[in-house]
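Each value in this text was obtained by applying a stated rule to the coordinates, not by laboratory testing. Just so you know, these numbers come straight off a predicted model, no measurement behind them. So basically every Cβ, Gly included, is an ideal-geometry build from the backbone, and we count neighbours across all protein chains shown.
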Amino acid sequence: MKISLTVTAVLLGGLMRFSSAQECTALASHSGKEAIAYLQTVTGDARTISCVFTAFQGIASLPPDQAVPVLIKYLGYERPLLDSEKHGVFLTMDRGNLYPAVQALFNIGSLHRGAVEPLLLTYLGEDHDEQGFKSGVYLLYVLRHTPAAIEDLKARWTKTTDPAVSQRLHEAAQALMNWCLPRKMCEDAAK
Amino acid sequence: MQDGNGNVVASGSYDDNFGEGYARVVLTFQGTPGNIYFATGSHLDFVILSRDQPEEQPIEYDDYFFYEEADQLEAPGYDYFPVTSSFYGPGPNTPTRKHTITIANTTDSVAYPAPKVNLQVDFSGAVIATDLGYPIYDGMMGSNQLGLYGGQFGSNNGCVIGNEAVGTVTPANSPGPITIKRLVTSLACYTGASGSTPTSCPYPQSSLPADDTGNLIATNPQEMTPNGNANGQVFNLDIPGVTYENTDSNIIRLRVNFVDYAVDTDGKTVISQKVPYYIRISCSNATGTAQLIPVNPTDNSWGNGTTSILWNLH
């Protein structure tokens with residue numbers, strides 16, 4: 001499922017519209033809870049990309065136990081392109097650039113070890129669209145690297161009794177093999 | 001483990017109930033560089049008595065260490081010791097009424113000096129194999145080589161400059177994490193048939209200097225990677241440039257000034273020199289395959305210091 005955003009949001013029972021960068025700045029001045037409400041209620045295409053950045057920054061500023069469950073849901077969300085990016089100009093090619101939840105979760109996971117991985121493994125065992133799956137695998141790699149990331153997946157699929165979950169976790173491990181040098185070390189970890 | 005104010009920052013215990021002959025406790029905590037921490041270990045000796053003829057009365061116990069008569073020992077949660085038990089052995093002469101005996105204390109302290117980092121940004125050669133971003137870089141670029149790419153690379157089509165910031169930490173056994181940060185201090189983007197028309201850039205002028213650190217970073221100087229120990233080095237990989245998904249007949253020019261520096265575990269304290277560097281890229285995709293279109297011989301290049309961000313580099 002691809003998640004897309006619009007600039008209309010219901011915040012704390014009131015109706016607020018974010019249609020300009022200035023109003024998005026106002027969003028930033030609130031606590032992260034408003035940003036969660038923003039992302040959870042928006043539909044359609046984003047018209048103001050600064051609102052998207054602001055919302056993710058707001059959520060990332062929450063305590064990890066509140067931020068991570070929300071951000072995980074948005075792993076497959078690809079932000080709108082900047083004008084320069086429509087021309088092809090990118091200052092980085094890493095996945096966190098276009099998928100803001102990836103970078104936000106990476107930042108949290110780097111500061112709070114173990115805060116992201118459990119929910120991320122659960123996410124990878126669930127059914128998500130291709131981009132969500134790719135983001136989840138990428139995030140697991142940059143947080144844990146190989147072969148530790150594959151060992152994490154194996155520990156989870158060993159516990160599960162759901163064959164569909166197990167299958168998805170195996171697929172994630174297979175995707176991680178592409179980033180495993182030397183590859184045999186990861187193949188051994190997956191056995 | 002206590003800090004200088006006597007606050008316990010970590011604790012743990014280990015029971016050697018199976019005759020291993022040693023006890024080891026590993027404690028992990030986040031310290032402040034420059035502070036002193038005290039490790040204190042208390043060793044307790046448990047009396048484990050074997051029972052002879054368990055099915056018969058009176059029950060007898062063998063105390064090879066000769067701690068005490070049975071009626072003076074306490075064994076909460078276990079059996080009790082009948083008066084008729086006998087104890088043997090060359091143990092301590094002084095009996096005790098406790099079921100545990102403190103036999104030793106150990107006090108030690110360790111202080112890590114505040115780490116320093118010598119930082120450099122590489123634009124040529126191979127990505128260092130112990131850089132954890134190496135496999136992703138290799139996957140994106142179809143090669144582990146740093147430097148200028150123009151055309152098809154990996155599954156991409158564009159013009160980019162792969163670079164690797166390498167921080168060498170002193171002392172080399174510093175635990176980290178140490179992060180190499182990257183700032184964009186100024187930049188300009190141009191398009192049009194001649195590549196001279198200003199267009200928006202990934203970071204608007206109002207946001208500069210902008211944090212461009214990314215996530216292809218390795219922050220643990222002691223990381224054990226599949227390709228060996230990081231040996232006191234930390235990394236940050238970057239691939240700035242132009243990549244195309246569609247044919248674009250316009251020339252795209254990108255001029256960026258960066259500054260890299262390393263920060264300590266708090267994410268704020270700068271512990272390296274600041275390294276300014278730049279990239280210049282001019283690219284076109286008119287034919288469907290990206291081509292380098294330099295405005296002059298100094299274009300499509302990189303270097304230490306700063307660059308003009310004008311389209312023609314004047």
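Summary table
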{"item": "Fewest-first sequence of B:261, A:99 by Cβ atoms within 10 Å of each Cβ", "result": "B:261, A:99"}
{"item": "3J(HN,Hα) from dihedral phi, segment B:254-268, Karplus parametrisation 6.51/-1.76/1.60, rounded to Hz, x for glycine, proline", "result": "10, 10, 9, 9, 10, 9, 9, 7, 9, 10, 7, 4, 6, x, 10"}
{"item": "For segment B:211-227, Karplus couplings with θ = phi - 60° (6.51, -1.76, 1.60), whole Hz, Gly/Pro x", "result": "6, 10, 4, x, 10, 8, 10, 10, 10, 9, x, 9, 4, 8, 9, x, 9"}
{"item": "Subset of A:134/B:268; A:134/B:274; A:73/B:181; B:116/B:181 violating a 26 Å alpha-carbon distance limit", "result": "A:134/B:268; A:134/B:274; A:73/B:181"}
{"item": "Coordinate range along principal axes, alpha carbons of segment B:126-260, Å, largest first", "result": "53, 33, 17"}
{"item": "Residues B:182, A:144 arranged by fewest to most Cβ contacts within 10 Å", "result": "A:144, B:182"}
{"item": "P(r) histogram, all alpha-carbon pairs of segment A:85-191 included - 5 Å bins from 0, percent", "result": "2, 12, 23, 22, 20, 11, 5, 2, 1, 0"}
{"item": "Residues with amide H under 5 Å from that of residue B:309, placed H, sequence gap 5 or more", "result": "none"}
{"item": "Chain lengthening between residue B:38 and residue B:15 when straightened (0.36 nm per residue, less Cα-Cα)", "result": "6.1 nm"}
{"item": "Average beta carbon contacts from partner chains per residue of B:200-210, 10 Å cutoff", "result": "3"}
{"item": "Whole-Hz couplings from phi, Karplus 6.51/-1.76/1.60, listed for segment A:142-157; x for Gly and Pro", "result": "5, 7, 10, 6, 9, x, 4, 4, 6, 5, 4, 4, 4, 4, 6, 6"}
{"item": "Amide hydrogen neighbours beyond the local backbone of residue B:114, cut-off 5 Å, H modeled", "result": "B:34"}
